[in-house]
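> Okay, handing you the structure first.
Read the figures in this text as sums done on the coordinates, not as results from a lab. This structure is a prediction, so every number in the text was calculated from the model and none was measured. Here the Cβ positions follow ideal geometry from the backbone for every residue, glycine too, while neighbour counts run over all protein chains shown.
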């Protein structure tokens, strides 16, 4: 077979015979590869694309693996070309035409480029210009959506679902008590979205109900809200004496701030205290208090409160160094004696007495438990009264019990016919003088000995060793010796809130000169210089703890209830 | 720099004064926005936010007081001072509420604004350096020319190789990623289609194929050259995107911030 391949540059162009190619092979392979009988380097053509074969008068075109042909618009794998038929191989149109004399071949196929170059450089360059364009987000839509979200979630939801409205039940006392404990969480806990900070632990129980404290919108929290629970809170001072300190004219909120964390934030700087207390007489002429401006630099020496009347528990303050201070606690006791370690020992104890032998911290940690005879004294002070019979002891308590015990002892002695000679001032009786009467016996002996023992026990040996006693009235029965009532308060500096449990790093003797104290409370109490060993004023100092007024003193004085505010709260609740 | 950073000094004095008063103030309890100093910070912050937001409207108007350049300078410096004042207003107390929301929105707006100011200071020069005298148009034309010649040169090779080269001419590094736009990581075309085509061509010489080095070399060179042009064009577009995109955060969140701020003020006065 011989085939004339006739190239036409583009559709409609005239034939250029110089480009004709006569191929005398049975098969013509078409493709870009160099081993193709018809090598065409054009985009769109495969390396080995198709093969042309003679089939009687026609030419059959077969696509090689991976390639396709196009007959009309249909993709085919094989096409038969009779005269006048066309098939498209890649970017070329192959058409079988009738051979003429000049061709000198069995078949003539024209090859026409189907279109201009498939790759349009100019258009491509233009498309590259915008190739990397970053599409900006829709700013207006984004702004609208975020704004709507903020408005709905943080305004509409808390407004509708949060407990914003003051409860109706708030106007009655019962309703208020119920409402305050009612938990309002609302949708999504929406009250939290407006909550400026954590509510203090004590107030959390009703803290989710905003209206518990915020009674009216845009009105600051009223003190009456606080006082509906804190009814017994005290004034700072007697308002009749110190009208400027009348808390009826103040709001609780001016010192106590809520929503500041787990503890209620309380104003504790001393500037407000010093405002009056640095010259207290100018605002409260009747005061007996001395002026103070700072613990470190300007604080008077302590004045302990000493017992004046042990039965009525009245106290009076004396300067710490006052030699004439009156202490009527009616107890004879010195720490010096009791802390002589080698001498004072509990029965059977190996070591001598220490502070803890008698002093035990009370629950709460602020003070110590009262010292009791039966627990702390009885081991040593056994109240024996008769050397011959040490097993007999006096009861600790009332003089009548003591008298009864004595009467019992001597009655038993009378039954044993024991005789108790009266004490004599001389051994020998002068010649001629009357003999002393014989010792009494029986009932007479019992009452005489009881009276005698009452006098000696109470006045001297047993009771009088520790207690202050009063002798009987002149002419009265000698058995009417009295043990005066005892009162030992648990605190001697009650104006301050000293906590022993906060000072456990100290030894007792670090503050209390117990080993040298030979009596009197005042000698045992530390002075302000002892405190200043560790504590400085508000601004602090090197190696010293900064201490403000409220570090030791309590602002609200329960002796003076806030009567006015209470009355106001009462009126409020009565509505 | 407008008038030796006059507003920079104003902002610095404002910030230093705010920090100074914060350090010497001892409010009862913890520092918070409800103390007198806290209210002062809040009022100053509220005023600043209002004024800074007004700039967005002011800059779209002609005329008015003072040159826009001065307003711009003040907007940037006072915006930075605002974060000091507002942080002190919070007393460093943050919770899940509308108050912290307003603060967070403000912080995002300011940070995006600082980024925007940075792009406007640095990027024009970086863009000029990146283009190195050419323009996006000439770079596009150069790229199209290189692609054309790559396709032409590829016709010599077998179908698979040619397809790889054609794919390489369509390799622009894919979509812009967050990493690329905001962290400036350039794409690596050698890991993509371009790299695949180059590797295949390398194998053609002495490897699977029997192509001559003279046939392969120009194609590899062209592919490499076009990759360089693509990276340059991409970088150019990245700069443009960065100079535009920060505003897509700055402006909408400013509107949300003004709203959250209004709710914040309403809420704290509703529950006094």
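> Give the Rg/Rh ratio for the range B:123-272, taking Rg as the radius of gyration of the Cα atoms and Rh as the Kirkwood radius, to two decimals.
1.28
> Pulled fully out, how much extra length does the chain show between residue A:373 and residue A:482, if you take 0.36 nm times their separation in residues and subtract their Cα-Cα distance?
The span from residue A:373 to residue A:482 would gain 37.4 nm if fully extended.
> Among B:155, B:48, B:14, determine the one that fluctuates most according to a GNM of chain B built with springs between C-alpha atoms less than 10 Å apart.
With Cα springs under 10 Å in chain B, the top fluctuation among B:155, B:48, B:14 is at B:155.
> Here's another thing I want to ask about it. Using a Gaussian network model of chain B with C-alpha springs under 10 Å, which one of B:102, B:144, B:241 is most mobile by mean-square fluctuation?
Largest GNM mean-square fluctuation: B:144.
> Among A:1-8, A:78-85, A:293-300, B:77-84, how do they line up from the highest to the lowest mean number of other beta-carbon atoms within 10 Å?
Descending mean neighbour count gives B:77-84, A:1-8, A:293-300, A:78-85.
> Now for a separate question. Which three lengths, in whole Å and largest first, does the range B:90-138 cover when its Cα atoms are put on their principal axes?
Per principal axis, max minus min of the Cα coordinates gives 54, 19, 9 Å.
> Helix A:399-415 versus the longest principal axis of chain A: what is the Cα-based angle in degrees, 0 to 90, to the nearest 10?
Roughly 50 degrees between the two axes.
> Another question, then. Using only alpha-carbon positions, what ratio does the radius of gyration of the protein assembly as shown give when scaled by 2.2 N^0.38 Å?
The value comes to 1.89.
> Moving to a separate point now. Counting partner chain Cβ atoms within 10 Å of every residue's Cβ in B:143-154, what's the average?
Per residue, the number of nearby Cβ atoms from other chains is 4 on average.
> Using 7 Å Cα-to-Cβ label points, what is the residue B:121/residue B:190 separation (nm, one decimal)?
3.4
> Something else now. Expressed as a rounded percentage, what relative contact order does chain B have, with Cα pairs under 8 Å and six or more residues apart?
24
> On full extension of the chain, what length is gained from residue A:441 through residue A:198, given 0.36 nm per residue of separation minus the C-alpha to C-alpha distance?
Additional length available on full extension: 79.0 nm.
> A further question follows. When the helices in the protein assembly as shown are scored as -39500 (n - 2.57) per DSSP H run of 4 or longer and the sum is shared across all residues, what 222 nm value do you end up with, to the nearest 500 deg cm²/dmol?
It lands at -12500 deg cm²/dmol.
> Further, regarding this structure: Expected output is a single nm value to one decimal: the length gained when fully extending between residue A:278 and residue A:62, i.e. 0.36 nm times separation in residues minus the C-alpha distance. What is it?
Full extension from residue A:278 to residue A:62 adds 66.1 nm.
> Counting partner chain Cβ atoms within 10 Å of every residue's Cβ in A:44-50, what's the average?
3
> With r as the distance between the Cβ atoms of residue B:61 and residue A:121 and R0 = 35 Å, compute the FRET efficiency 1/(1 + (r/R0)^6) and round to 0.05.
With a Förster radius of 35 Å, E is 0.15.
> For residue A:20 paired with residue A:135, estimate the spin-label separation in nm (one decimal), with each label point 7 Å from Cα along the Cα-to-Cβ line.
Output for this residue pair reads 5.8 nm.
> Between residue A:286 and residue A:312, how many nm apart are label points set 7 Å from Cα along the C-beta direction?
My value for the distance between the label points is 1.9 nm.
> Can you list the equivalent-ellipsoid semi-axes of the range B:1-159, largest first and in whole Å, using the square root of 5 times each Cα gyration tensor eigenvalue?
49, 21, 14
> Put one equal scatterer on each alpha carbon of chain B, apply the Debye formula with no solvent term, and list log10 I(q)/I(0) at q = 0.12 1/Å to two decimals.
Each listed q maps to, in turn, -0.82.
> I would also like to ask the following. Pick from B:30, B:104, B:258: which is most flexible by mean-square fluctuation in a GNM of chain B where alpha carbon atoms under 10 Å apart are linked?
The residue with the greatest mean-square fluctuation here is B:30.
> Only counting other Cβ atoms within 10 Å, I'd like A:10, B:235 sorted with the fewest neighbours first.
Ascending number of Cβ neighbours within 10 Å: A:10, B:235.
> Just to confirm the number: angle between the C-alpha axis of helix B:6-24 and the first principal axis of chain B, 0 to 90 degrees, nearest 10?
The angle comes out near 60 degrees.
> Okay, next question. Which whole-number percentage describes the relative contact order of the range A:3-119, with Cα contacts under 8 Å and a sequence gap of 6 or more?
The value is 24 percent.
> Partner chain Cβ atoms within 10 Å, averaged over the residues of B:255-267 - can you pull that number for me?
5
> Next up: Can you tell me the FRET efficiency between residue B:5 and residue B:36 if r is taken as the Cβ-Cβ distance and R0 is 30 Å, rounded to the nearest 0.05?
0.40
> Evaluate the relative contact order of the range B:136-244 (contact order divided by residue number), counting alpha-carbon pairs under 8 angstrom at least 6 apart; express in whole percent.
RCO, the range B:136-244: 33 percent.
> Here is a follow-up. Sketch the reach of a paramagnetic label on residue A:534 as a point 7 Å from Cα along Cα-to-Cβ, and name the residues of the range A:483-506 whose backbone nitrogen lies under 14 Å away.
Only A:498-506 fall inside the zone, counting backbone N under 14 Å.
> Give the calculated FRET efficiency between residue A:216 and residue A:542 to the nearest 0.05, with a Förster radius of 51 Å applied to their Cβ-Cβ distance.
It comes out at approximately 0.50.
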